[in-house]
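Single-structure report; data block below.
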Amino acid sequence: MLRIQGYAEPDKVRPAIRNTAEAMAVLAERIFVPEVYYRRVEIKSCVDGTISLETGTTFHSDAFAGVLHDCREII
């Protein structure tokens, strides 16, 4: 939580701030209700590290060619 707030080294944060963050983490765990949504989307192409989806969305990563080259859908 402290890293999200911009603290690079949480161990060096003032005790009052660290204690407040810990208390808020406990509160968040009590009220958090996880929920997941997903949908399947057809892959139009996977070429040169770019995945193009039927929705028009594109993603870029050199890893795609190695791990998704035979995939027809993405979730």
Which condition number in (1) open to solvent by 60 Å² or more (accessible area, probe 1.4 Å); (2) over 30 Å from ILE4 (Cα atoms); (3) of a type in the set (Ser, Thr, Tyr) is the one that TYR38 fails?
-> (2)
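Just checking, does the range 16-25 include any residue being without any contact (Cβ under 8 Å) to a residue 24 or more places away in the chain, in a loop (DSSP other than H, G, I, E, B) and not aromatic (Phe, Trp, Tyr)?
No, the conditions are met nowhere in the range 16-25.
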Evaluate the following for ARG18: is it open to solvent by 90 Å² or more (accessible area, probe 1.4 Å) and charged (D, E, K, R)?
-> no
Single condition PHE59 does not satisfy, out of (1) open to solvent by 100 Å² or more (accessible area, probe 1.4 Å); (2) in a strand (DSSP E or B); (3) not acidic (Asp, Glu) | (1)
Across the range 39-60, what is the total count of residues that are farther than 13 Å from ILE74 by Cα and out of contact with any helix residue (DSSP H, G or I) (no Cβ under 9 Å at 6 or more places or on another chain)?
-> 2
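In this structure, is ARG3 without any contact (Cβ under 8 Å) to a residue 24 or more places away in the chain, touching a helix residue (DSSP H, G or I) at 6+ places or on another chain (Cβ under 7 Å) and loosely packed, with under 10 Cβ neighbours inside 10 Å?
So ARG3 fits the description; yes.
The values are calculated or read from the model by the stated rules, or taken from the named source; none is laboratory data. Predicted, not measured: the structure shown is a model, and the values here were computed from it. Virtual Cβ from ideal backbone geometry, glycine too; neighbours counted across all protein chains shown. Remember, those area values only see protein heavy atoms, side chains included, never the ligands or the DNA or RNA. Shrake-Rupley method; radii C 1.70, N 1.55, O 1.52, S 1.80 Å.
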